[in-house]
Amino acid sequence: MLRQCAKDIADAMREEYFTDPQGRHVRKKHCFREEQGMLWVDIGDAEPGQMHKAFQYRRRLVLGNCHQLKTDVDSYNENNPHGASLQMCFNFEEDLLELAQPTEYAGIV
């Protein structure tokens, strides 16, 4: 019951966002692992060291997802009955640049 409560709280914290002065949709609460467990901080008043730990923690989660994706792709490529060999690019620079572009444009007169 305690685990379920902790999961529910973590889910709620992860879903809290705000719009920053530049108009970006930003996660408000961030977590990182400490000796006593997970610590949650608010991006608005967290110390730089805390945010660095939180960002590194999230980066490791992304890396874990990429590692699993690579494992799945490699397995498919080596075992699929079609002889297909699918390639994945794990360099996200162009994707990040594209996502940073505005989604609304002023009308052409």
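The values are calculated or read from the model by the stated rules, or taken from the named source; none is laboratory data. Remember, it's a predicted structure, so these values are computed and weren't measured experimentally. Note that each Cβ is placed from the backbone with ideal geometry, even for glycine, and that neighbours are counted across all protein chains shown. Heads up: the accessible areas ignore ligands, DNA and RNA and are worked out on the full protein's heavy atoms, side chains in. Shrake-Rupley method; radii C 1.70, N 1.55, O 1.52, S 1.80 Å.
Just a few scattered comments:
- Rolling a 1.4 Å probe over the protein heavy atoms of the chain, with every protein chain left in place, gives an accessible area that is 56 percent carbon and sulfur.
- Panel note: the C-alpha atoms of the stretch 1-64, placed on their principal axes, show extents of 40, 25, 21 Å (largest first).
- Dipole check for the chain: with +1 at the C-beta of Lys and Arg, -1 at the C-beta of Asp and Glu, and the Cα centre as origin, the magnitude is about 340 Debye.
- Lysine-lysine proximity count for the chain, Cα under 25 Å, sequence distance 8 or more or distinct chains: 5
- Built amide H within the under 5 Å cut-off of K28, gap 5+: E16, Y17, F18
- Where only DSSP H runs of four or more residues are counted, the chain gives -16000 deg cm²/dmol as its mean residue ellipticity at 222 nm, each run worth -39500 (n - 2.57).
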